[in-house]
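These notes concern the structure reproduced below.
Only the coordinates and a few stated rules stand behind these numbers; no lab work does. All figures in this text were calculated on a predicted structure; none of them were measured in a lab. No Cβ is skipped: glycine too gets one built from the backbone with ideal geometry, and neighbour counts run over all protein chains shown.
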Amino acid sequence: MEYGRNQINGISNHPTFLSGAGYSFAPLIRHRSAGFTLLEMLLTVFLVGLMIGLVAIKIDRNADDIAKLEARRFVALVDHLRDEATFTGLPMGIEVSKTDGRYRFWELRDKWTQIDKVEVLRERIVPDPIILELRLLQEKKESEQDRSVQQPQEAEAKKEPNAVPKSLILVEPNGMIRPFIASFKGDQYRFVISLDNEMNPVMSDEKI
């Protein structure tokens, strides 16, 4: 009999049983469903707003990350170009465009020629929205080798104006590099490259 009462109580509490007895839970169910739908909509709107904010933060951070990566690559390429100049015994250089964030590598044989057969020293373009800027510094003392390198440059410039890069970071076979300041500007930071006292390219950052 105890089992029978529990069985009856279980049946009597079942929604189908109560509905059949004249009780309807349909309005209650519809009301709760509508409530959850509204809650889900509010939660969706909140999450969308949150995602937009996070994406904006991520974009800002990525611009600085990309600028930093490009600056590090530039430092490595200056070092590599110096090794190449020392190994080949040829003056070399990096030409930086003032308009489109492009830089190319050159070598001086009979005349200044763009390096296009070495994958590492291929022409590179800094991606948007990174801004690349270069300022060449005046050397304190001009050596005899400097003048011997610059004279062919000037001669070639008269013959073929496009043969000699205008904004050229000169790298000599003896490891000397023409002083310069290059910068890669991101969204909140600028990454600056210059030479230390031993003519090694170094990078620093500054808040914009």
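Where does each of PHE180, PHE74, PHE87 land when they are ranked from fewest to most other beta-carbon atoms within 10 angstrom?
On the way: PHE180 20, PHE74 25, PHE87 9.
Lowest to highest Cβ neighbour count: PHE87, PHE180, PHE74.
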Counting only residues 5 or more apart in sequence or on a different chain, those whose built amide H sits under 5 Å from that of TYR189 are ILE208
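Give the order of PHE105, PHE184 when sorted by the count of other beta carbons within 10 angstrom, beginning with the fewest.
Details: PHE105 24, PHE184 27.
The fewest-first ordering by Cβ neighbours comes to PHE105, PHE184.
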The extension gain from ASP100 to ILE125, computed as 0.36 nm times the residue separation minus the Cα-Cα distance, is 8.2 nm
Distance in nm between ARG135 and MET203 label points, each 7 Å along Cα→Cβ, equals 2.0 nm
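What ranking of SER183, SER194 emerges when the number of other C-beta atoms within 10 Å of each C-beta is taken as an exposure proxy, fewest first? Kindly include the intermediate steps, with their values, before the conclusion.
Working: SER183 21, SER194 16.
Ranking SER183, SER194 by Cβ neighbours within 10 Å, fewest first, gives SER194, SER183.
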